[in-house]
1. Sort out which residues of the range A:144-173 are outside any helix (DSSP H, G or I) and closer than 13 Å to residue A:81 by Cβ, and write them in order of number.
2. If we keep just the residues of the range B:165-188 that are within 8 Å of the chain's Cα centre (by Cα) and closer than 17 Å to residue A:173 by Cα, which is surrounded by the most Cβ atoms within 10 Å (Cβ to Cβ)?
3. What number of residues within the range B:150-164 are farther than 14 Å from residue B:115 by Cβ and buried (at least 20 other Cβ atoms within 10 Å of the Cβ)?
4. Look through the range A:25-48, keep the residues that are in a helix (DSSP H, G or I) and within 7 Å of DNA strand C (Cβ to nearest atom), and return whichever of them is surrounded by the most Cβ atoms within 10 Å (Cβ to Cβ).
5. Within the range B:16-46, how many residues turn out to be within 14 Å of DNA strand D (Cβ to nearest atom) and either at pLDDT below 95 or at the interface with chain A (Cβ under 10 Å from one of its Cβ atoms) (or both)?
6. Name the single residue that is farthest from the chain's Cα centre (by Cα) among those in the range A:87-143 being surrounded by fewer than 18 Cβ atoms within 10 Å (Cβ to Cβ) and outside any helix (DSSP H, G or I).
7. Can residue A:76 be described as modelled with pLDDT of 95 or more, within 16 Å of DNA strand D (Cβ to nearest atom), within 7 Å of chain B (Cβ to nearest Cβ) and buried (at least 20 other Cβ atoms within 10 Å of the Cβ)?
8. Take residue A:161 and decide whether it is in contact with a Phe, Trp or Tyr (Cβ under 9 Å, 6 or more places away or on another chain) and closer than 15 Å to residue A:211 by Cα.
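The values are calculated or read from the model by the stated rules, or taken from the named source; none is laboratory data. Not measured: the values here are computed from a predicted model. No Cβ is skipped: glycine too gets one built from the backbone with ideal geometry, and neighbour counts run over all protein chains shown.
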Number of protein chains: 2
Amino acid sequence: MQEQTDPPGEPNPGLVSTAIQAITQHIRSEGLAPGDPLPSEAAMTRQLNVSRTVVREAFRSLSAMRLIDMSAGRRATVAKLDTGAMSMVIEHGITTQQISVQQVYDVRRTIEMRTVALAALRRTDQEAAAIAQSARQMRENFRNPEAVMEHDIAFHEAIAAASHNPVFSLIVTAFSGVTRRTWVIGWRTRSSDEAQLKMIKGHEDIADAILKGDPRLAAEHMAEHFDKSVKALIDAGIA
Amino acid sequence: MQEQTDPPGEPNPGLVSTAIQAITQHIRSEGLAPGDPLPSEAAMTRQLNVSRTVVREAFRSLSAMRLIDMSAGRRATVAKLDTGAMSMVIEHGITTQQISVQQVYDVRRTIEMRTVALAALRRTDQEAAAIAQSARQMRENFRNPEAVMEHDIAFHEAIAAASHNPVFSLIVTAFSGVTRRTWVIGWRTRSSDEAQLKMIKGHEDIADAILKGDPRLAAEHMAEHFDKSVKALIDAGIA
DNA sequence: AATAACAACCTATCATACAGGTTTTGAGGG
DNA sequence: CCCTCAAAACCTGTATGATAGGTTGTTATT
């Protein structure tokens, strides 16, 4: 097998890349939606005239990016929008010191100034309640930093969701991993109960502004929140 | 081989996922920088006590996300920050209709309002020149839409680069693919030469503001540019 | 008609083989 | 002693075949 060469346009992008393109192309041309099944590996093998090894590596790559879902016995399916790949890129940038935590916070500030304003304008009552509840749970679990952090993250993701723009959600969620790695540092610099409660109060102010539907006020509180967070990180010596 | 089971904590996330984690973990723990070599597939095979197939699929997955570089004969190396994976996620969202072009433009507007302001503050003279040159080339190739588009994209990426925050660059570049698919539509709605030249003038205004180091003016021109672009897309019926 | 065993299909993983690249090494010549 | 260059060692890319185990639809039994 494998005598019939592809049209000799490009020299060698590798068979796997070709297969990946073929699969994404298939999704596009068939107009597949999340949940729809893809061809089996065997079918793809025949169609592309390559070994199953190549097809498998292609599927696996798409699965790693969370563009498709795979599981044993079942055919692969088109995946719902997921932040998996983006998170890994950001994490990679951080661990290889190509980007700094502060740079990530700069971007977060830019984006969340917007999501919070949009949330104030577009939130449903249910979304406003979810946001407020995350803030409340931060206060309730006040003695458990781990829990405060998770509710903090959920708070920001809930705001992004209330912006009703999934691209914002995608980006904000992609940054959550970085937050998980640095959050405690910021928390520790707020050494007194008072300072910590003030930070939680900041979240409640944001939630209130969203509930009131006041985008300007919400953005103001968010800006303040980020300025303090960044300051905390800098004080702690995070580059 | 393969009798010695992993500590039976998790049931079965799949050997490949485990391998992927092992590799990223290796990068982290060894403090590898871009260009540094990773262990060979054979070495990884021994270390993880799995077949080469599994290790290969893990490497290939990371390569698809552009976290590592692979090429025949050479060992894989840690990759420089690249937008590959992010682009694919966005594209996937668009083709599966989970996000709309307009939503992407909303995010772009938010981000580029910021990058342009930062560029005005932080740009080097060389960066200002590169931005101005892209604008100039848009005008010079005015009769060739394809060329105008590429210079337009380069213009925005140059501004992101001049913000001196690679995360912004990453995101802006990730959106370029979407731009390539919709740009022409916007261009066509500017039916007269006059309207098209006005759009190019908008870019020159932005470049000037950056050169002058005026972040407020730069952001204003950028906002105007995006408002017109979005309007053009909506006029053309892009949801 | 409900259900349980089964067949067909599919993915997960392993082992092996061979065809090219790339790097290392070492022998021979200057 | 150093340079050169070709063989050797190592590495990735792809193909093939085999087995285990999960999923699903079908059929035979009750």
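1. At the first step, the residues of the range A:144-173 found to be outside any helix (DSSP H, G or I) are A:144, A:163-165.
Listed by number, the list holds a single entry, A:165.
2. So in the range B:165-188, the residues within 8 Å of the chain's Cα centre (by Cα) come out as B:169-176.
Filter once more, so that each one left must be closer than 17 Å to residue A:173 by Cα: B:170-171, B:174.
Details: B:170: 23, B:171: 26, B:174: 23.
If we take residues in the range B:165-188 being within 8 Å of the chain's Cα centre (by Cα) and closer than 17 Å to residue A:173 by Cα, then B:171 is surrounded by the most Cβ atoms within 10 Å (Cβ to Cβ).
3. Number of matching residues: 2.
4. Initially, the range A:25-48 is screened for residues in a helix (DSSP H, G or I), giving A:25-30, A:41-48.
This time we only want the ones that are within 7 Å of DNA strand C (Cβ to nearest atom), so: A:41-43.
Values: A:41: 18, A:42: 10, A:43: 12.
Only one residue tops the list, namely A:41.
5. Adding up the residues that qualify gives 1.
6. Ranking the qualifying residues of the range A:87-143, first place goes to A:143.
7. Values: modelled with pLDDT of 95 or more: yes; within 16 Å of DNA strand D (Cβ to nearest atom): yes; within 7 Å of chain B (Cβ to nearest Cβ): no; buried (at least 20 other Cβ atoms within 10 Å of the Cβ): yes.
Criteria not met by residue A:76.
8. Numbers: in contact with a Phe, Trp or Tyr (Cβ under 9 Å, 6 or more places away or on another chain): yes; closer than 15 Å to residue A:211 by Cα: yes.
Yes; evaluated as a whole, the condition is true for this residue.
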